[in-house]
Amino acid sequence: MNQKKIENLWTELLREIGENPDRIGLKDTPKRIAKMYKELFAGYDKKNAPKVTTFPNGQDGITYKQMIMDSGNGYSHCEHHGVVFSFKYYFSYIPSEKGKLVGLSKVARVIDYFAAKFQIQERLTQEVVDYLWKELSKDCEPPIGMALIIKGEHFCKKMRGVKKDGEMITSEMRGEFLKPDLTKGNAREEFLKLIDLYGGGRV
Ligand SMILES: [Zn+2]
């Protein structure tokens, strides 16, 4: 990422939308934006791909066999409109007895990494699970299951166009979480459960 080039492009953009990039309040804005982009778009540089620290299940004589859940939040940019979408995520996995456990801060880092570029929520959900599944399957048994649900709030829907609030839910399920899968008549149940995530309860 060429900082000077981004600065110049932003100066030009400000002028084009009717601003005066030379006024005092905007003097250092292109520079600040260019600096900020290093963080907001860190996902374009593969060097920033997070190292996922894992621990062998069964170490020190303790084997964990149940579901592990975690949640958190994050921000990304909608690739269709270039504005932010914010989201909350719900992650879960069931480690294999001969598999690995993962530090949950690493899950957060993987999500931040894939969110730090122009994205669509659908792809973000898949990329995170692909990456974590691969890391947790390296040289060992893969997890019994893994699931990620992302609930996103898209500002391109809120602040422009239809100007509607509302959240979008996407999910990616692997292994045990796919049973029974949606194609086998479980769509209604899944839909009703997801409504709870909206805070809406049962209809
Ligand atoms: Zn959009």
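The values are calculated or read from the model by the stated rules, or taken from the named source; none is laboratory data. Everything numeric here is computed off the predicted structure, so don't read it as measured data. Note that we place each Cβ from the backbone using ideal geometry, even for glycine, and neighbour counts take in every protein chain shown.
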Inset, instruction - Could you tell me which of the residues Asp22, Asp112 is modelled with pLDDT of 95 or more, out of contact with any Cys (no Cβ under 7 Å at 6 or more places or on another chain), more than 16 Å from the ligand (Cβ to nearest atom) and within 24 Å of Leu148 (Cα to Cα)? - result: Asp112
Legend entry - The lone exception for Gly103 - which of (1) small (Gly, Ala, Ser); (2) surrounded by 20 or more Cβ atoms within 10 Å (Cβ to Cβ); (3) over 16 Å from the mean Cα position of the chain (by Cα) it fails: (2)
Inset, instruction - Would you please list the contacts, defined by Cβ atoms under 8 Å and residues six or more apart or on different chains, that run from a residue in the range 141-168 that is touching a residue at least 60 places away in the same chain (Cβ under 8 Å) and closer than 15 Å to Val83 by Cβ to a residue that is near the ligand (Cβ under 10 Å from one of its atoms) and of a type in the set (Phe, Trp, Tyr)? - result: Gly152/Phe85; Glu153/Phe85; His154/Phe85; Phe155/Phe85; Cys156/Phe85
Inset, instruction - Answer with yes or no whether Gly18 is surrounded by fewer than 16 Cβ atoms within 10 Å (Cβ to Cβ) and either of a type outside the set (Ser, Thr, Tyr) or not in a helix (DSSP H, G or I) (or both). - result: yes
Legend entry - Test: residue in the range 75-86 that is surrounded by 14 or more Cβ atoms within 10 Å (Cβ to Cβ), in a loop (DSSP other than H, G, I, E, B) and touching a residue at least 60 places away in the same chain (Cβ under 8 Å): yes
